[in-house]
Amino acid sequence: MALLTRKVDYAILVLSHLHQKPEGGCAREIAARFGLSRAFVANILKELCHKGYVASYRGVKGGYVLQRSADRVNLADFIEAMDEPFHLTVCTEATEGDGCTVSARCPVRAPLAAIHYRIREVLRAVTLAELFRGGSPVNTVEELVTLGV
């Protein structure tokens, strides 16, 4: 089970390409760079445009550019914008009648909720720009402790 869906994973790839090319890029170019179908990349770009992450320009020199700075977008918010919110377990979803028949007497519900919260905080602490720079966005145990994880 992957935390990032295929759509979110490839959307991050597309944004990383545009982050490296401030002048922008087109679906054909991005698809060729990563060996993806042009139609698939075009659909991702359309959604990124709709969600306000990229802007599109028509014409011969048309294409896409980042609309939001990668420094201002954290991974948790991006995942939620592009897909459904992350939930470690059914009982960490904020819905009425959480779908678990034993949640009222479950001995591990609170510890799992705490783990869920910690994972979300790590995702909130990582910006897309940190991801695009490479290396480890959270480098040390001390940094995790600072985050309260």
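The values are calculated or read from the model by the stated rules, or taken from the named source; none is laboratory data. Remember, predicted model here, so these are calculated numbers, not experimental data. Here the Cβ is made from the backbone with ideal geometry for all residues, glycine too, and neighbour counts use every protein chain on show. Side chains included, ligands, DNA and RNA excluded: accessible areas come from the protein's heavy atoms. Shrake-Rupley method; radii C 1.70, N 1.55, O 1.52, S 1.80 Å.
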Once you list every other residue whose beta carbon is under 13 Å from the beta carbon of V8, what net charge do they have if Lys and Arg are +1 and Asp and Glu are -1? -3
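How large, in percent, is the carbon and sulfur part of the accessible surface of the chain at a probe radius of 1.4 Å? Write out the running numbers ahead of the final one.
Values: 5040 of 9330 Å².
Here it works out to 54 percent.
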With charges set only on the Cβ (+1 for Lys and Arg, -1 for Asp and Glu), what does the dipole of region 1-132 come to about its Cα centre, in debye to the nearest 20? 440
Is it possible to state the helix-based mean residue ellipticity at 222 nm for the chain, with each DSSP H run of 4+ residues giving -39500 (n - 2.57), the sum divided by total residues, to the nearest 500 deg cm²/dmol? What is it? -14500 deg cm²/dmol
Proximal lysines to K21, defined as alpha-carbon separation beneath 18 angstrom and excluding residues fewer than eight positions away on the same chain: K61
Per residue, how much accessible area does the chain have with a 1.4 Å probe, in Å²? 63
Using amide H atoms built 1.01 Å from N in the peptide plane, name the residues 5+ places from C106, or on other chains, whose amide H lies under 5 Å from its own. none
Report the normalised scattering of the chain as log10 I(q)/I(0) at q = 0.09 Å⁻¹, calculated by the Debye formula with identical scatterers on the alpha carbons. -0.37
